[in-house]
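The values are calculated or read from the model by the stated rules, or taken from the named source; none is laboratory data. Only a predicted model underlies this, so the values are computations on that prediction, with no experimental measurement involved. As a convention, Cβ positions derive from the backbone with ideal geometry for all residues, glycine included, and neighbour counts pool all protein chains shown.
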2 protein chains.
Amino acid sequence: MGNIVTVERQILRKNDDIAAENREIFRRHNLFVFNLLSSPGSGKTSILEKTIEKMVPKYRLAVVEGDVQTDLDAQRISRFDVPVVQIVTKGGCHLEANLIQNALKNLELDQLDLLVIENVGNLVCPSNYDLGEALKVVVVSTTEGDDKPLKYPKMFRVSEVMIVNKIDLLPYVDFSLENVRKNALQINPNLQIFETSCRTGEGIEQWAAWLAEKVETSRSGN
Amino acid sequence: MGNIVTVERQILRKNDDIAAENREIFRRHNLFVFNLLSSPGSGKTSILEKTIEKMVPKYRLAVVEGDVQTDLDAQRISRFDVPVVQIVTKGGCHLEANLIQNALKNLELDQLDLLVIENVGNLVCPSNYDLGEALKVVVVSTTEGDDKPLKYPKMFRVSEVMIVNKIDLLPYVDFSLENVRKNALQINPNLQIFETSCRTGEGIEQWAAWLAEKVETSRSGN
């Protein structure tokens, strides 16, 4: 298996080079970019919708949608007046930096303050691929069990933010906010944590305020 | 990228060879084997627990647990009096046939009727890896959205069974049993579908009865 590992390393090194180029492009345009990650069905697209509602029109926002097969998520987002680029990986389990670089050709980067990349639903593979984003936001929902940070640690280690979503379902599931916090901070003590419900809107304000501050900083060229 | 695709194909071919060996081993021992698949937090381990409760002691059952990092699931299963072999993939996003073949060395196959493989939580990558199992069972929970079969079609195409889990949460989520059935059958018209709640026990009886029939057939050498 030695050979195979070598090949994987080369792919990752290549990816890191392209990610560095992407990062330089984003910096040049004072564009704040985050990568939204989770397993399928945690509510990435719902959080994206709520984020768009809060950020537009104050900030100029665009979306890159990553999906294995369909453009269902891009269709959901298309009801907003924001540019959306759909990447269909055709079975691929994660986005890579070159896919993002190609997608950027369809966007007017000078006309944007914030770019959100919604990754393929997968709590494992995307954690290995830097896209050039400023930060990774991992979403975990209350229906998935509070042990997820321990079971899929790399994703929580490489993320700067964890959003615990679907807190409206807390009365009906075996899930402890205290435990998920403890488990996540054990993996990554610097995690910024938000608790949200896209159904009730709870917690969205706090997340959006935090994000706005990041966008402001980036827009001012710092 | 031509080279890389070639390498992947070689890995898959090798995997298919080992999977064929596994299948022959299972056949020789009249052992029924299924592979339990889903995204993280859909309730694979809970369904496994309920399945063990129904099948033991009538059938002699063992479990192979696949996890990225921890042995938390194996610990949960260890309260039952069944052999459990834990595979930790150390970041790997799926199980492969050679990992299963190694795990088999820890089991007395002649003393078993049923082997359950709980795969890594991932709705994408494991769909590409035959393990030699008799069938794949994909679990989707009512909190994940009824569009999942369309968005992750390969997993539903290669599975013989879909279990829709957490139906006790239906009153609190935007999920239609009718839609998920329709979407799944559009991808794979032959899917056998069960609807379960591990909290209330609803639907477990039907699933276990269906499974018992499969085990009986396998045990009789057919």
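What to note about this one:
- Looking across A:Asn15, A:Asn22, A:Asn122, one residue alone is outside any strand (DSSP E or B), touching a Pro at 6+ places or on another chain (Cβ under 8 Å) and touching a residue at least 12 places away in the same chain (Cβ under 8 Å). It is A:Asn122.
Condition check ((1) among the hydroxyl-bearing types (Ser, Thr, Tyr); (2) within 12 Å of another protein chain (Cβ to nearest Cβ); (3) in a loop (DSSP other than H, G, I, E, B)) across all residues:
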position	(1), (2), (3)
A:Asn102	no, no, no
A:Asn106	no, no, yes
A:Leu131	no, no, yes
A:Lys154	no, yes, no
A:Met162	no, no, no
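- Taken as a whole, the structure places A:Asp73 among residues that are surrounded by 20 or more Cβ atoms within 10 Å (Cβ to Cβ) and at pLDDT below 95.
- Every pair of residues 6+ apart whose Cβ atoms lie under 8 Å, when the first sits in segment A:56-69 and is surrounded by fewer than 19 Cβ atoms within 10 Å (Cβ to Cβ) while the second is part of a loop (DSSP other than H, G, I, E, B) and basic (Lys, Arg): A:Gln69/A:Lys90
- Total residues in segment A:70-83, condition out of contact with any strand residue (DSSP E or B) (no Cβ under 8 Å at 6 or more places or on another chain), in contact (Cβ under 8 Å) with a residue 12 or more places away in the chain and away from chain B (no Cβ under 14 Å): 2
- Taking the numbered list (1) touching a Phe, Trp or Tyr at 6+ places or on another chain (Cβ under 7 Å); (2) more than 9 Å from chain B (Cβ to nearest Cβ); (3) part of a helix (DSSP H, G or I) in turn, A:Leu169 passes all entries but (2).
- Failed item in (1) within 19 Å of the chain's Cα centre (by Cα); (2) surrounded by fewer than 17 Cβ atoms within 10 Å (Cβ to Cβ), with A:Lys182 passing the rest: (1)
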